[in-house]
Amino acid sequence: MAAAGERRREPQRHDFVRQAKRDDAPAHGEDVGVVVLARQARHVEIVAERRAHAGHFVRRDLFPLTAAAQHDAAIGAAVGDGAADADADRRIVDRRLAVGAVIVDAVSEPRERLLQMFFQCEAGVVGAHRNSHGQRLYYVREMIPSVVISARGENRLRDGHPWIYRADVADVRAQAGDVVLVRGPRARVLGHALYSDRSQIALRMLAGAAAPAPGASGGDVDADALIRRRLDAAIAFRESLAIDATAYRLVHGEADLLPSLIVDRYGEYLVVQALSQGMDRRLPAIVSALQDLVHPRGILARNDPRARTLEGLEQRVDVLAGEVPESVRVTELGIAYDVDLRRGQKTGLFLDQRENRAAAAQYARGRLLDCFSYNGGFALVLGRRCQETIAIDVSEDAVARVRQNAAQNGVAVDARVGNVFDELRGMERLGERFDTIVLDPPAFAKNKASVANARGGYKEINLRALKLLEPGGTLVTCSCSYHVNEADFAEIVYDAALDAQTHVTVVEKRMQGRDHPVLLGVPETYYLKCFILRKLA
Ligand code: SAH
């Protein structure tokens, strides 16, 4: 506890002892017990018990005990008189999740009131209730869950990265999904984070030491208030963007200082994804904040990404509030889409490409080929400006939706089920030519190990597309693999141009839309690259 806090409490402590002496002298002989409880996975267990005279208890024992419980259990050095006391203290500090608790037994009423006052005001102890026999007063203070990280972890935080990997965790006194106090190797407080006991990413920072802490006790209530403020700011930012769509991202995880939380808006409905133990545990509070801030007709949790299994969390889809229909109509850039929020890819649509579709439309003309079309985002927006549009996707469901969306919006699209790799080769054999080609494949590199294969895949489709493109034509080429960064992707496309024996200029270098912003210093948040290229000859 801060020195200032100690000074502030000092007079009160003396008052209490003085008052106790004056008002109820015999009470000094009464028994007051100190019990320290340890919270195990699902129950509370008594791990140490001492009995002492009240005065002794107040002056000597309670402070080290509450300090031990409140701060860092490791600080709780034995201050007791005897070896037994020392042992008890040590047992407290050995426990990972200690809860300091005091049981006041069989004391006279005025004294009970004083004790109550003392525990609540001085020791900052919270909560008081009687047991089933109405005999005792219990005062319980939960220890702040905490995690100590290594010097390397501390450096990483200082560089602005909000993740701490398991290898940089030195000591854990917390449970899965807790909001924890993060300390450096020399006990310096570094901030608060969400703790995961399964993921390689053990900590996701919520607040640095300088930022307002999630609350004096590190408890859930204040973390929830912090999350609510961040939600409010994230939503206000999206409102300021004047987005030409009724579907867009409201919360983009780390980039909104809400690590591992995604919230997408589809008209009057919201879709959330909680991708860590900590965010998963806070979903009820998140849902209630979203209801207050957005007033949606329904909130769906698309908690089915595979990333959840790395956290030991179930993959599931649940309606968390209101009602969510089977199909939700939204518009984007003047095109209407019927979206299946429960089963569509990602949270229903690829919202991150909206601005790239709008940019690409400026160059679209003649014959258009949209590869990896999904529900037809590029085909429909660009197709309005083209003479002929072919869309290809390997998924029959996706192609059925392209046809439905095309009919609904009055855009002519020849939507085909097929493997783009085969189709491009086939078209090349047939001598087909296009004026505009879009390549928006799924992430070929899902992890570092698959980067070499992914490079081959990206090069192949870009090479084929450049061969199919007329001179003067436009290639819109994308990669959403974080593991292939912008420079890598530029190199791959350059290799493809060399092999295709053509000169290519970069007309625009783009990324994910403004509602999916990139957090500087956190490369993981820059995943989508989109180059608009012109084939010269
Ligand atoms: N361009 C789309 C998003 C594409 S997502 C949009 O703007 O909304 C990637 C799509 O590629 C998915 O729909 C998936 O079904 C499809 N896909 C994956 N591998 C494929 C392959 N080899 N050939 C064709 N489509 C493929």
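The values are calculated or read from the model by the stated rules, or taken from the named source; none is laboratory data. This is a predicted model, so every value here is computed, not measured. In this analysis, Cβ positions are derived from the backbone assuming ideal geometry, glycine residues included, and neighbour counts consider all displayed protein chains. Note: areas computed on protein heavy atoms with side chains; ligands, DNA, RNA excluded. Shrake-Rupley method; radii C 1.70, N 1.55, O 1.52, S 1.80 Å.
Expressed as a whole percent, the proportion of Cα-Cα pairs in the range 369-504 lying more than 20 Å apart is 45%. Compute the distance in nm between two label points, each set 7 Å from the Cα along the Cα-to-Cβ direction, one at Arg186 and one at Gln362. Taking the two extended label points, one gets 5.3 nm.
What shape does the range 368-415 have by the C-alpha gyration tensor, where a ≥ b ≥ c are the square roots of the eigenvalues, rounded means a/c under 1.5, and otherwise prolate means a/b greater than b/c and oblate the rest? Oblate, since a/c reaches 1.5 and b/c is not below a/b.
Rounded to the nearest 0.05, the FRET efficiency derived from the C-beta distance between Ala233 and Leu430 at R0 = 56 Å is 0.55. Over the range 381-443, accessible surface divided per residue gives 48 Å², non-protein components excluded, 1.4 Å probe.
Among 326-332, 246-252, 145-151, sorting by the average number of other beta carbon atoms lying within 10 angstrom of each residue, highest first, gives 246-252, 145-151, 326-332.
Taking a ≥ b ≥ c as the square roots of the Cα gyration tensor eigenvalues, the range 338-449 comes out rounded, since a/c falls below 1.5. When all protein chains stay in place and ligands, DNA and RNA are ignored, the 1.4 Å accessible-area order of Ser479, Ser450, largest first, is Ser450, Ser479. Using modelled backbone amide H atoms (1.01 Å from N, in-plane), which distant-in-sequence or interchain residues come within less than 5 Å of Val339's amide H? So Val339 has HN proximity to Val328, Arg329, Val330. The mean sequence distance of close C-alpha pairs (under 8 Å, at least 6 residues apart), as a share of the length of the range 333-421, puts its relative contact order at 26 percent. Across all C-alpha atoms in the range 479-537, the radius of gyration and Dmax reach 12.9, 39 Å. Could you check what % of the DSSP bridge pairs in the range 326-482 are antiparallel, to the nearest 5? That works out to approximately 20 percent antiparallel. Place a point 7 Å from the Cα of Leu241 along the Cα-to-Cβ direction; which residues of the range 504-537 have their backbone N under 14 Å from it? Inside the label zone: 511-519, 526-528. Per atom type, the range 256-403 shows carbon and sulfur on 46% of its accessible surface, probed at 1.4 Å.
The mean sequence separation of alpha-carbon pairs under 8 Å and at least six residues apart, normalised by the residue count of the range 239-314, gives a relative contact order of 25 percent. Note on Arg464: accessible area is roughly 40 Å² with a 1.4 Å probe, heavy atoms of protein only.
Extension gain, Leu536-Asn419: 0.36 nm per intervening residue step, less the Cα-Cα distance, totals 39.3 nm. Pull out the extension gain between Arg166 and Ser327, defined as 0.36 nm times the separation in residues minus the alpha carbon to alpha carbon distance; nm, one decimal. Extra length available between Arg166 and Ser327 comes to 53.9 nm. Other residues within the sphere of radius under 13 Å centred on the Cβ of Leu257, judged by their own Cβ, net out at +1 (K and R +1, D and E -1).
Between His295 and Val506, the distance separating the two model label sites (each 7 Å from Cα on the Cα→Cβ line) works out to 4.6 nm.
If you sort the three axes of the alpha carbon gyration tensor as a ≥ b ≥ c, you get a/c of 1.5 or more for the range 424-531 and a/b above b/c, which makes it prolate.
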